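A short write-up of the structure that comes next.
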Amino acid sequence: MLKILGSRENKQVFCDGISRRSFLQVGGMTLGGLSLANLLELEAQAGIKKSHKAVIMIYMCGGPPHQDMYDLKVDAPAEVRGEFSPIKTNVDGIEVCEHLPHIAKSMDKLIPIRSIVGCNGNHYSYQCMTGHSQSTPAGGWPHFGSAVSHYQGPVHPGVPPFVSLCYTTKHRPYNEPNAGFLGLGHSSFRPTGPAQNDITLQDISTDRLADRESLLASFDGFRRQWDGSGKMDGMDVFTERAMGILTSSKLFDALDVSKEDQHTQDRYGTSDLTKPKGDAAPRCPQNYLVARRLVEAGARVVTVNHSFWDWHGSNFSNAKAEFPSFEQGVTALVEDLHERGLDQDVTVVAWGEFGRTPKINKNAGRDHWPRVSSALLAGGGMKTGQVIGATDRLGGEATERPVTFGEVFATIYHNLGINLDSQRLFDFRGRPHRLVNPGVQPLPEVI
């Protein structure tokens with residue numbers, strides 16, 4: 001019989017003095033009738049002890065024009081077709097807009113979805129970040145990053161599982177939802193702006209920090225006895241992760257893109273973070289590089305909001321200004337993930353809250369169109385180099401393979417190795433909920 005032996009140092013030790021690692025015996029170990037293989041299988045089903053998978057989500061505030069990016073309609077009337085022409089990509093049979101040449105060259109690593117349906121129609125990030133409309137359970141649907149934090153926790157104590165690089169926007173509904181009924185402990189960590197000064201110890205030693213943690217715990221003891229909301233439990237998680245951040249340099253180092261060579265920084269494009277576009281976010285392709293560094297450091301979910309896509313006027317001049325920054329950043333990210341061997345582990349999703357009207361309005365713009373929209377997927381070990389779905393001649397209705405938000409989120413959770421059935425989730429009124437509706441499955445085309 002083969003034993004996995006290990007010293008007692010720095011290992012979990014049971015009351016009889018045997019470490020967990022020493023206790024496992026390959027092939028013949030039994031624990032209540034479970035073999036090692038059984039135990040590992042159960043751990044896998046629960047979504048724990050998995051390899052580090054991650055998601056980078058890019059939210060395109062305002063709703064990008066699907067028929068001017070991945071679904072051009074050359075046979076439509078002029079008032080629908082617009083002024084852009086399609087170009088071939090490096091995958092036979094797939095074409096995209098002529099102003100997306102980097103995406104065209106990287107199509108073998110990408111998956112455009114042309115048929116997202118079920119959009120709520122509101123100008124908000126909620127559906128892109130939760131998979132649900134705003135008919136919410138008590139406490140609200142959790143952000144998917146909060147769900148991942150709940151199911152899988154941190155990879156490294158010094159790096160939060162969920163990091164948001166999203167800028168606070170003037171139009172408040174563009175801002176991300178919170179952790180909902182999962183509680184404060186699974187909120188995002190937001191290092192943008194003044195918070196960067198709070199993630200390193202300034203004039204305090206780790207010993208003094210530990211003393212303060214003990215004092216805080218003693219104060220919390222009384223309050224916890226009288227807390228019926230569960231908020232104190234959430235604060236426990238929050239405090240524990242804050243301590244991990246303060247006593248490690250991993251997060252601070254990941255946020256410092258100056259550690260990358262100049263070629264890599266230039267590859268992603270430049271940012272002007274002082275100039276938000278419209279009432280949304282700045283152009284921020286450098287944050288795609290930060291996101292890659294964060295997942296390498298241990299983050300499981302990183303979100304980025306990019307610019308402003310609500311073009312009721314001057315649709316085509318706005319597109320010519322916005323497409324280069326977006327496509328340079330997203331293709332640099334995808335290529336970078338492949339070159340670093342992360343393409344099997346890191347899923348990339350880029351999308352907005354709805355599509356745009358087939359008919360161009362009198363101001364040369366496109367208005368809101370919730371009936372169909374688009375998304376761009378990459379990485380995650382998915383089958384790339386394909387297009388999913390199709391729309392009609394005018395780009396107004398899905399005619400092939402309509403895809404729901406729930407299916408995209410089921411795919412995200414699948415790629416992360418999370419079994420959503422491994423535990424029941426309850427809202428603040430004690431009612432059970434599923435993060436993805438019953439019967440909704442990951443996209444079979446990409447799995």
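What ranking of Arg267, Arg393, Arg292 emerges when the number of other C-beta atoms within 10 Å of each C-beta is taken as an exposure proxy, fewest first?
Going from least to most buried by this count: Arg393, Arg267, Arg292.
Could you pull out every one of the lysines with an alpha carbon less than 19 Å from that of Lys53, ignoring same-chain neighbours closer than 8 positions?
Partners found: Lys109, Lys250, Lys383.
What does a probe at His312 reach in the stretch 112-150, counting residues whose amide N is under 14 Å from the point 7 Å along Cα→Cβ?
Within reach of a label on His312, which here means backbone N under 14 Å from a point 7 Å along Cα→Cβ, the stretch 112-150 contributes 123.
Given the C-alpha centroids of the stretch 361-426 and the stretch 263-330, what is the distance between them in whole angstrom?
Here the answer is 20 Å between Cα centres.
Output wanted: per-residue J couplings in Hz (rounded whole) for the stretch 422-437, from phi through Karplus 6.51 cos²θ - 1.76 cosθ + 1.60, θ = phi - 60°, x for Gly and Pro.
With the stated coefficients, the stretch 422-437 comes to 6, 7, 8, 10, 10, 7, 5, 9, x, 8, x, 9, 10, 6, 10, 4 Hz.
Taking H placed 1.01 Å from N in the peptide plane, check which residues at least 5 places from Thr399 or on another chain put their amide H under 5 Å from its amide H.
Correct list: Ala390, Thr391, Asp392.
Please compute the net charge surrounding Met57, taking Lys and Arg as +1 and Asp and Glu as -1 over other residues with Cβ under 12 Å from its Cβ. Each step should come with its number before you reach the end.
Numbers: positive: Arg300; negative: Glu176.
Its environment carries a net charge of 0.
Go through the stretch 311-328 residue by residue and turn each phi into a ³J(HN,Hα) via Karplus (6.51, -1.76, 1.60, θ = phi - 60°); whole Hz please, and just put x for glycine and proline.
Taking θ as phi minus 60°, the curve returns 9, 6, x, 6, 4, 7, 5, 5, 4, 4, 7, 8, 4, x, 5, 5, 6, 5 Hz for the stretch 311-328.
Arranged by the count of other C-beta atoms within 10 angstrom, fewest first, what order do Lys275, Lys359, Lys73 take?
Values: Lys275 8, Lys359 14, Lys73 19.
Ranked by crowding around the Cβ, least crowded first: Lys275, Lys359, Lys73.
Need the full-extension length gain, Lys105 to Lys383, defined as separation in residues times 0.36 nm minus the C-alpha distance. One decimal, nm.
Details: separation 278, 0.36 × 278 = 100.08 nm, distance 1.69 nm.
Taking Lys105 through Lys383 to full extension adds about 98.4 nm, to one decimal.
Under the rule of at least 5 residues apart or a separate chain, name every residue whose amide H is placed under 5 Å from the amide H of Asn419.
Correct list: Gly47.
For a footprinting-style exposure proxy, rank Tyr124, Tyr268 by other Cβ within 10 Å, fewest first.
Numbers: Tyr124 20, Tyr268 25.
So the ranking, lowest neighbour count to highest, is Tyr124, Tyr268.
Coordinate-derived values only; no laboratory data. This structure is a prediction, so every number in the text was calculated from the model and none was measured. Cβ coordinates were reconstructed from backbone atoms using ideal geometry, including for glycine residues, and neighbour counts include every protein chain displayed.
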